[in-house]
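The values are calculated or read from the model by the stated rules, or taken from the named source; none is laboratory data. The structure displayed is predicted, hence computed values, not measured ones. Note that we place each Cβ from the backbone using ideal geometry, even for glycine, and neighbour counts take in every protein chain shown. All accessible areas refer to the heavy atoms of the entire protein, side chains included, with ligands and DNA or RNA removed. Shrake-Rupley method; radii C 1.70, N 1.55, O 1.52, S 1.80 Å.
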Amino acid sequence: MVSKTEETQLSNLESQVDNGGGGAWEYLCLVRKLKVRRSEKVLKHGLSILNDPKKRSSLGHDEWTLYEQVAIAAMDCQCIDVAKDCIKILQKRFPGSKRVGRLEALLLEAMGSWEEADNAYSSLLEDHPLDQAIHKRRVALAKAQGNMSGAIELLNKYLEIFMADHDAWRELAEIYASLQMYKQAAFCYEELILSQPMVPQYHLAYADVLYTIGGLENLQNAKKYYASTIDLTGGKNTRALFGICLCSSAMGQLSKGRNKDEKESPELQSLAATALERDYKQRAPDKLSLLTTALKSLKVSS
């Protein structure tokens, strides 16, 4: 995550370089450090250094890092010939390198040679079975082709090895949810909450999935996780506040005819409705009437 200070620093340096004020190498280093995508700028300013023998030689060993950075930027911009030239130079300098091998496979992806790219990644994994980047490229390759079942299979295999990778669990959950495989998505979010219980986004996503599955028990649990999201965000998550109201309304429908002891207390939904109204009055007063109508339709009042 790039901070505001870092974003300002990057923008200022980018403006300086674009206006001929120098600092191209510093800019390229900062882009790499912050892991942001500025492919067109990287390609332009990177080539200006690589095409100047004096500037290139002044980099020392960092010259090869720049070739790699420019190759990736060129693939992003579909400048395939530039990417090929950079990779050829790296192949000559580092024959048999795994890192260069990944670039070769990326080039095949950029050219649309899906099968060849997958074969290249598979070959790399035979020699380097614990390389996370290569595993993830295979997942990305499957998704790029619309092969979601293949992506699910690859992610599950990956998580058997790297069980603590939160990003992979989240990606798997999102794929399951997109395919309406909500029970599987719920399992993934449970794993995330167990490993990172203080991240409100996971509580919120889990609550959304439980609400979507439906049924009284799932709605009760969804309401609890919407409530925990509100607690973790200091009461500032509008989506979770709405979630409380939606769960309360749906549970009210399912609880008709039940004993009073089995019905939910209206206190929490009332607090959520009050918080929503206060939030809308402050931030979107022109939408307050729409909120009031929506809450009345849900039979929720503050």
With semi-axes √(5λ) of the Cα gyration tensor in Å in mind, check (1) 49, 26, 14; (2) 25, 24, 18; (3) 30, 22, 20 and report the label derived from this structure. (1)
For the chain, find the longest principal axis of its Cα atoms and tell me its angle to the long axis of helix 114-127, 0 to 90°, nearest 10. 80 degrees
Peptides ranked, highest mean first, by Cβ atoms within 10 Å: ranges 155-165, 279-289: 155-165, 279-289
C-alpha long axis of helix 182-195 to longest principal axis of the chain, angle in °: 80 degrees
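Could you work out what % of the accessible surface of the chain is carbon and sulfur, using a 1.4 angstrom probe and leaving DNA, RNA and ligands out of the count?
51 percent
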Simple spin-label estimate for Lys287 and Gln201 in nanometres, 7 Å along Cα-Cβ: 2.1 nm
Please work out the Cα center distance from segment 1-40 to segment 178-235, rounded to the nearest Å. 38 Å
Give the calculated FRET efficiency between Asn12 and Gln78 to the nearest 0.05, with a Förster radius of 35 Å applied to their Cβ-Cβ distance. 0.75
Taking R0 as 35 Å and r as the Cβ-Cβ distance between His128 and Gln220, the FRET efficiency 1/(1 + (r/R0)^6), rounded to the nearest 0.05, comes to 0.15
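Rounded, prolate or oblate: which fits segment 103-242, taking a ≥ b ≥ c as square roots of the Cα gyration tensor eigenvalues, rounded meaning a/c under 1.5, else prolate when a/b beats b/c?
Taking the square roots of the gyration eigenvalues as a ≥ b ≥ c, segment 103-242 is prolate.
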Tell me the per residue accessible area of the chain using a 1.4 Å probe; a whole number in Å² is fine. 58 Å²
Please label the shape of segment 1-159 as rounded, prolate or oblate, based on the square roots a ≥ b ≥ c of the eigenvalues of the alpha-carbon gyration tensor (a/c under 1.5 means rounded; beyond that, a/b larger than b/c means prolate, else oblate). prolate
For Glu26 and Ser255, what does the FRET efficiency come to when R0 = 45 Å and r is the distance between their Cβ atoms, rounded to the nearest 0.05? 0.10
Could you order peptides 16-23, 222-229 by the average number of other Cβ atoms within 10 Å of their residues, highest first? 222-229, 16-23
Return the lysines within reach of Lys256: Cα separation strictly under 19 angstrom, same-chain partners fewer than 8 residues apart disregarded; answer none if there are no such residues. Lys223, Lys296, Lys299
Tell me the angle of helix 166-178 to the major Cα principal axis of the chain, expressed in degrees between 0 and 90 and rounded to the nearest ten. 60 degrees
Find how much the distance from Arg93 to Arg56 grows on full extension, using 0.36 nm per residue of separation minus their present alpha carbon separation; answer in nm with one decimal. 11.8 nm
Using mean Cβ contacts within 10 Å as the protection proxy, how do 30-36, 63-69 order, highest first? 63-69, 30-36
Please go through the residue pairs Lys236/Lys281; Lys4/Lys143; Lys4/Lys41; Lys88/Lys143; Lys4/Lys55 and name each one whose alpha carbons sit more than 22 Å apart in this structure. Lys4/Lys143; Lys88/Lys143; Lys4/Lys55
Express the relative contact order of segment 6-95 as a whole percentage, based on alpha carbon pairs under 8 Å and six or more residues apart in sequence. 21 percent
Length-normalised contact order of the chain, Cα under 8 Å, at least 6 apart, in percent, tallies to 7 percent
Rounded if a/c under 1.5, otherwise prolate or oblate - segment 6-95, Cα gyration tensor axes: prolate
